[in-house]
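For reference, the structure discussed in these notes is given below.
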Amino acid sequence: MHRALTAAGLGIIESAMDAVITVDEDQRVMVFNPAAERVFRWPRDKVIGQKLDMLLPERYRKAHQAHIVAFDRGDGHARGMGPRTVLNGLRSDGEEFPIEASISRYNEGEQTFFTVILRDVTERVQAEERLARSEARMRGILDSAMDAIITVDGRQHIVLFNEAAERVFGCPRHEALGAPLSWFIPERYRAVHGEHVRRFGEAGGTRQRMGAQRVVMGLRRNGEEFPIEASISQISEEGHKFFTVILRDVTERHRAEHALERSREEVRTLAVAAGRAREQEMSRIARELHDELGQALTSLKMDLSWLRDNVADASQAAKTKLAAMQVLLDGTVAATRRISSNLRPLMLDDLGLAAAAEWQVQNFTQRTGIPVELAMSHDLDLDDPYATTVFRVLQESLTNIAKHAGASKVEVALDREGDVVTLMVRDDGKGFQTAEAPGRNSFGLLGIRERVGLLKGEVRVESTPGHGTTVEMRLPVAGAGGAR
């Protein structure tokens, strides 16, 4: 055999990076190159002439011999060994290791020789095992995730579909893999979704929330639509883009939110109705005080005046008593008018918001001596409860100024812009820290916010110690104008 090997052939075998082993028909090693020495950790002189079995784990030796016999009976063309071309070798120290091998046969005279070219694939197999373990861990993480996770390729076809996605969409994984993502998107949203993904891919971002300003809808396999929260990310792998969507079924949360909103709306409606009933009762009491009690007190004053004029010869004590009664009666009339006005100024019902606001400002200046600059637009003809709410906010704001501000002047601006009424009350008083506003002296502000909030309005309070306070209200009054 050695005579048949040329010098060039020997050089190739000796310098080969793969192990080259040639055996005869008796499976005795005839050629064992330096690469084979390194792989099996046997010196050549210890292997030449020995059975090939010494390089194979014992459990594989019979199968290897049977493979050689079958190969010898075949066509003799070179081919891989083993069902997947990965076998196990045995080093000199007893360590087993994976190898990739191919076998060929040639004849020299009446002798047959078999040459095996093999490669130690320990590192590759270990890398594959690590990858398999990593993929198994990742699969475990994905399948234990509570959120649905779907990955699609550049054509929007699904390549990953975890167990949560199966539950959420009611679709088994084997059906979803390879299917277009449009399976799980309502038809009316598909074009928008495709455009969203296209822009996201072109922008080059790594992660982005989907539908931050709107509800994103998913589609179960049974045709049911449901709301979802979703975020999208992308990666590039060997020039191909993959998009991963992590989504959560928020059906129950949306139901709870809608139920809460309905409950709030019912409470708001009830509170508005209760407020209207309260205002109506206060208006009734104020009118009775003004009309009935006021008229009775006026008649009593007239009778008292007549009595004083017709008892000229009365004693000085009687005259003094009549004078005291006159003072008391005047005070009672004034108190009745004040209580009636505080309950509800009748001019709010009789003359409207503008007249009531002007009266409230004048009354404030008379009581406190603080000048008020009032600016009002002309289109302030509002129905209840809007007119009452605006008036009460003005009234409470001025009351707070009188009690707490220590102001020297006040500005009031009442305006209507389309379907929104705005009220601004500003003073130059001592102000306060707005962060500390919720306290025992802040129920007026809380009441203002509550009143306006019931009608879906907004109140903003700005204040700085030593620089006064500004209360601004915006109240939507669509359809609130009209005849009283």
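Taking the Cβ of I13 as the center, what net charge do the other residues with Cβ under 13 Å away carry, scoring Lys and Arg +1 and Asp and Glu -1? Display every interim value, and only then the final one.
On the way: positive: R44; negative: E14, D18, E37.
Computed value for this residue: -2.
Once you have the Cα-Cα distance between E373 and A136, take 0.36 nm times their residue separation minus that, and quote the gain in nm to one decimal.
77.7 nm
Keeping all protein chains in place, calculate the accessible area per residue for the range 295-418 (probe 1.4 angstrom), answer in Å². Intermediate values should be presented prior to the final figure.
On the way: 6800 Å² over 124 residues.
With the other protein chains kept in place, the range 295-418 gives 55 Å² per residue.
Long-range amide H contacts for V250: which residues qualify at under 5 Å (H placed 1.01 Å from N, peptide plane, sequence gap of 5 or more or a different chain)?
I228, E229
Which lysines, if any, have their Cα less than 26 Å from the Cα of K51, not counting same-chain residues under 8 positions apart?
Of all the lysines, those that pass the test against K51 - Cα under 26 Å, at least 8 places apart if same chain - are K62.
Tell me which residues come under 5 Å, amide H to amide H, from G154 once H is placed; ignore anything under 5 positions away on its chain.
The list, which skips near neighbours in sequence, is K241.
Along the range 445-460, what does the Karplus equation 6.51 cos²θ - 1.76 cosθ + 1.60 (θ = phi - 60°) give for ³J(HN,Hα), rounded to whole Hz, x for Gly and Pro?
Running phi through 6.51 cos²θ - 1.76 cosθ + 1.60 with θ = phi - 60° gives 5, 4, x, 4, 4, 5, 4, 5, x, 4, 9, 6, x, 10, 10, 10 Hz.
K319: which lysines have alpha carbons under 23 Å from its alpha carbon, excluding same-chain residues fewer than 8 sequence positions away?
Within reach: K301.
Can you run phi through the Karplus equation (6.51, -1.76, 1.60; θ = phi - 60°) for the range 41-54 and list ³J(HN,Hα) in whole Hz, with x for Gly and Pro?
6, 10, x, 4, 5, 8, 10, 4, x, 8, 5, 5, 4, 5
So, counting K/R as plus one and D/E as minus one, what does the shell of residues with Cβ under 10 Å around L118 add up to?
Surrounding charge for L118 is -2.
Using modelled backbone amide H atoms (1.01 Å from N, in-plane), which distant-in-sequence or interchain residues come within less than 5 Å of V121's amide H?
Amide H neighbours of V121: I99, E100.
Full-extension gain between F242 and L322, please, as 0.36 nm times their residue separation minus the C-alpha to C-alpha distance.
18.8 nm
Taking Cα centroids, how far is the range 214-234 from the range 34-49 in Å?
Going from one Cα centre to the other spans 64 Å.
The values are calculated or read from the model by the stated rules, or taken from the named source; none is laboratory data. The structure displayed is predicted, hence computed values, not measured ones. So basically every Cβ, Gly included, is an ideal-geometry build from the backbone, and we count neighbours across all protein chains shown. Note: accessible area is taken over every heavy atom of the protein model, side chains too, but ligands, DNA and RNA are not part of it. Shrake-Rupley method; radii C 1.70, N 1.55, O 1.52, S 1.80 Å.
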